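The structure appears below as structure tokens.
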Amino acid sequence: MGQSAAPGATPPSVLVSAVGPAMLRIAGELADGTVTVWTTPETVADYIGPTLTRAASAAGRPVPRIVATVVASVTADVGGVRQQVADQMGFAAQFASYRSMFDRQRMSGLHETVVAGDETAVARAVRRYAAAGVTELLVSPVGSEKDVMRTIGLLASVRDET
């Protein structure tokens, strides 16, 4: 494959979106890491991280990055936020790769992966992702405008703890 480079440019990291075993192996063997979606910290720690790391190690590659995509809301209306997410994105459970991940996590759909609650609950969940091996957290804040602003503020304060 041909290459072109801008003077002084650093090649970007390559991350592969993966939740299934085949794609996780490919990501570990060939990429710098993975981006997951709708996964819990437990799934990252028990399945995604080990699968990805084994593949990277077998290929002689460094420990891969794990970016977890999370829908979050600092809110008093946890049920309402989860329903909003189910209404807007619930169709994803129809796709085999996502359905397999929800089944692995014993969940009916992505609304169950939403990180929601008060500041303490959401901060605790963010720390659980870090403890599970997530190197970066990509957060989509949801809820009312007030909830979104509270969520962003909390995430900034949790980030500043590290």
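Per-structure values
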{"item": "Only one of Ser97, Ser57, Ser73, Ser108 that is polar (S, T, N, Q) and closer than 18 Å to Ser17 by Cα", "result": "Ser97"}
{"item": "Options Thr75, Thr51, Thr120: the member that is surrounded by 17 or more Cβ atoms within 10 Å (Cβ to Cβ), farther than 20 Å from Gly28 by Cβ, modelled with pLDDT of 95 or more and not aliphatic (A, V, I, L, M)", "result": "Thr75"}
{"item": "Count of segment 6-24 residues which are closer than 16 Å to Arg61 by Cβ and either in a loop (DSSP other than H, G, I, E, B) or polar (S, T, N, Q) (or both)", "result": "4"}
{"item": "Residues of segment 122-153 satisfying the condition of being over 16 Å from Asp77 (Cβ atoms) and among the aliphatic types (A, V, I, L, M)", "result": "Ala123, Ala125, Val126, Ala130, Ala131, Ala132, Val134, Leu137, Leu138, Val139, Ile152"}
{"item": "Matching residues, segment 142-161, being surrounded by fewer than 19 Cβ atoms within 10 Å (Cβ to Cβ) and not in a helix (DSSP H, G or I)", "result": "Ser144"}
{"item": "Test: Ala59 is of a type outside the set (Ser, Thr, Tyr), under 29 Å from Ser13 (Cβ atoms), modelled with pLDDT under 95 and surrounded by fewer than 19 Cβ atoms within 10 Å (Cβ to Cβ)", "result": "no"}
{"item": "Hey, Asp87 closer than 23 Å to Val115 by Cβ, of a type in the set (D, E, K, R) and either buried (at least 20 other Cβ atoms within 10 Å of the Cβ) or in contact (Cβ under 8 Å) with a residue 12 or more places away in the chain (or both) or not", "result": "no"}
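The values are calculated or read from the model by the stated rules, or taken from the named source; none is laboratory data. Only a predicted model underlies this, so the values are computations on that prediction, with no experimental measurement involved. Because the Cβ atoms are built from the backbone with ideal geometry, glycine has one as well, and the counts that use them run over all protein chains shown.
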